[in-house]
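The values are calculated or read from the model by the stated rules, or taken from the named source; none is laboratory data. None of these values were measured; they are calculated from a predicted model. A quick note on method: Cβ atoms are made from the backbone with ideal geometry, for glycine too, and the neighbour counts reach across all protein chains shown.
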Amino acid sequence: MKPRIAVLLGDPAGIGPELIARLIARPENRARADLLIVGDKRELEKGMAIAQQRFEYVVVENEADAERDSDTPSLIDFRLTDDAPYERALSTERGGRYSLEAFKKALAMTQANVTNAMLFAPVNKTSLHMAGMETNDEMEWFARQLDYSGAFCEFNVLDELWTSRVTSHIALKGVSERLSEQRIVGAVQLIHDGLERAGVASPRIAVCGFNPHNGDNGAFGREEIDVIAPAVDKARSLGYDARGPFPADTIFVRARDQKAFDGVVTMYHDQGQIAMKLMGFWRGVTVHGGLPVPITTPAHGTAFDIHGQGRADVGATQKAFDIALSMAQARLA
């Protein structure tokens, strides 16, 4: 039996429907998984028109009627009750509400293992907040919807390199006080488990320092000495192949050019994000790690500025699909 992936079109105002059209138009993708699209049929058709690519699909009433072991995707024609046209190329409450309601449907199916993983095209955080999302980001919102209280973390993936972070969407002035041995070891554990779920055996993990030049033996701060190095030692004592701390301005060069590590744990958001996006913005993927269901999405945004122009790059969406498929297969094993 092939894995079944729930596929969402993303915010209608952006490039999501075009990206999904390009992804599913590739016959090899349709052959690798049963695809269950959750989205407005009109938006899917619009995406195919923009991409100038087409594939056949079957409209079904619910997930129970979806195709199994077929190269023909199924579509649940999901629409908001106030059925009106979507505004394009800007943040809107309706675009955010559409995204959140589609999330709820796909999360429920994937939590019940009706679908084995979930892939969504880019959504817009401003639109999500306009629609009533009270969390900082969709990952926290997913955890609440799933009633999940365990550890979770956003992984960013570029080609074969993964990153996680100890802190995420907080002000830089608050990072140091959030660094602890427990949180750093937890980040190592999460990225190790995420890499294993994606098919990487014996993940090798680098841990970044916090200060310039790794603190230069305490001259520029003691976080490396007092917190990060002990955390790395603790992680190693638990059986994880963790090394560090390493200066953040050189570790990504080693990881990319020497293939020395499978994952890098960073201390704060931009410490890893800047490096990853410079190395390949249109290839980056976000994996919502630690949650009880596999969820992936392209790391880039909705790209309102190129909506409707037919030139959205499907590279990150393809990689997000590949990772979702690997995680779905592991869940089925």
Find the residue count for segment 175-231, including only residues that are polar (S, T, N, Q), under 21 Å from residue 252 (Cβ atoms) and free of Cβ contacts under 8 Å to residues at least 24 places away in the same chain.
-> 1
Keeping to segment 81-104, report how many residues are closer than 30 Å to residue 331 by Cβ, of a type in the set (Lys, Arg) and more than 18 Å from the chain's Cα centre (by Cα).
-> 1
Quick one: would you say residue 200 is surrounded by fewer than 24 Cβ atoms within 10 Å (Cβ to Cβ) and either outside any helix (DSSP H, G or I) or touching a Leu at 6+ places or on another chain (Cβ under 6 Å) (or both)?
-> yes
Among the residues of segment 113-138, how many are part of a helix (DSSP H, G or I), under 17 Å from the mean Cα position of the chain (by Cα) and surrounded by fewer than 21 Cβ atoms within 10 Å (Cβ to Cβ)?
-> 1
Evaluate the following for residue 174: is it in a loop (DSSP other than H, G, I, E, B), over 21 Å from residue 282 (Cα atoms) and not β-branched (Val, Ile, Thr)?
-> no
So residue 33 clears everything in (1) surrounded by 21 or more Cβ atoms within 10 Å (Cβ to Cβ); (2) within 26 Å of residue 113 (Cα to Cα); (3) without any contact (Cβ under 8 Å) to a residue 40 or more places away in the chain except one condition, right? Which one?
-> (3)
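Matching residues to (1) part of a loop (DSSP other than H, G, I, E, B); (2) at negative phi; (3) assigned by TED's automatic domain parsing to the domain that holds residue 64; (4) modelled with pLDDT of 95 or more:
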{"position": "10", "(1), (2), (3), (4)": "yes, no, yes, yes"}
{"position": "13", "(1), (2), (3), (4)": "yes, yes, yes, yes"}
{"position": "17", "(1), (2), (3), (4)": "no, yes, yes, yes"}
{"position": "21", "(1), (2), (3), (4)": "no, yes, yes, yes"}
{"position": "24", "(1), (2), (3), (4)": "no, yes, yes, yes"}
{"position": "28", "(1), (2), (3), (4)": "no, yes, yes, yes"}
{"position": "36", "(1), (2), (3), (4)": "no, yes, yes, yes"}
{"position": "42", "(1), (2), (3), (4)": "no, yes, yes, yes"}
{"position": "47", "(1), (2), (3), (4)": "no, yes, yes, yes"}
Across segment 153-174, what is the total count of residues that are touching a residue at least 12 places away in the same chain (Cβ under 8 Å) and either buried (at least 19 other Cβ atoms within 10 Å of the Cβ) or charged (D, E, K, R) (or both)?
-> 15
Positions within segment 49-89 being among the aliphatic types (A, V, I, L, M) and either surrounded by 11 or more Cβ atoms within 10 Å (Cβ to Cβ) or touching a strand residue (DSSP E or B) at 6+ places or on another chain (Cβ under 8 Å) (or both), in sequence order | 49, 50, 51, 58, 59, 60, 66, 75, 76, 80, 89
Across segment 49-70, the tally of residues that are closer than 21 Å to residue 105 by Cα and either in a helix (DSSP H, G or I) or aromatic (Phe, Trp, Tyr) (or both) stands at 4
Candidates 222, 204, filtered to the one that is out of contact with any Cys (no Cβ under 8 Å at 6 or more places or on another chain), of a type in the set (Lys, Arg) and closer than 18 Å to residue 158 by Cβ | 204
Does residue 186 meet the test of being surrounded by 13 or more Cβ atoms within 10 Å (Cβ to Cβ) and either closer than 24 Å to residue 225 by Cβ or touching a His at 6+ places or on another chain (Cβ under 7 Å) (or both)?
-> yes
Filter pass, residue 319 being within 30 Å of residue 215 (Cβ to Cβ) and either surrounded by fewer than 23 Cβ atoms within 10 Å (Cβ to Cβ) or in the same structural domain as residue 19 (by TED's automatic domain parsing) (or both) = no
Mind telling me which of the residues 298, 245, 294 ends up being without any contact (Cβ under 8 Å) to a residue 40 or more places away in the chain, buried (at least 20 other Cβ atoms within 10 Å of the Cβ), under 23 Å from residue 187 (Cα atoms) and not hydroxyl-bearing (Ser, Thr, Tyr)?
-> 245
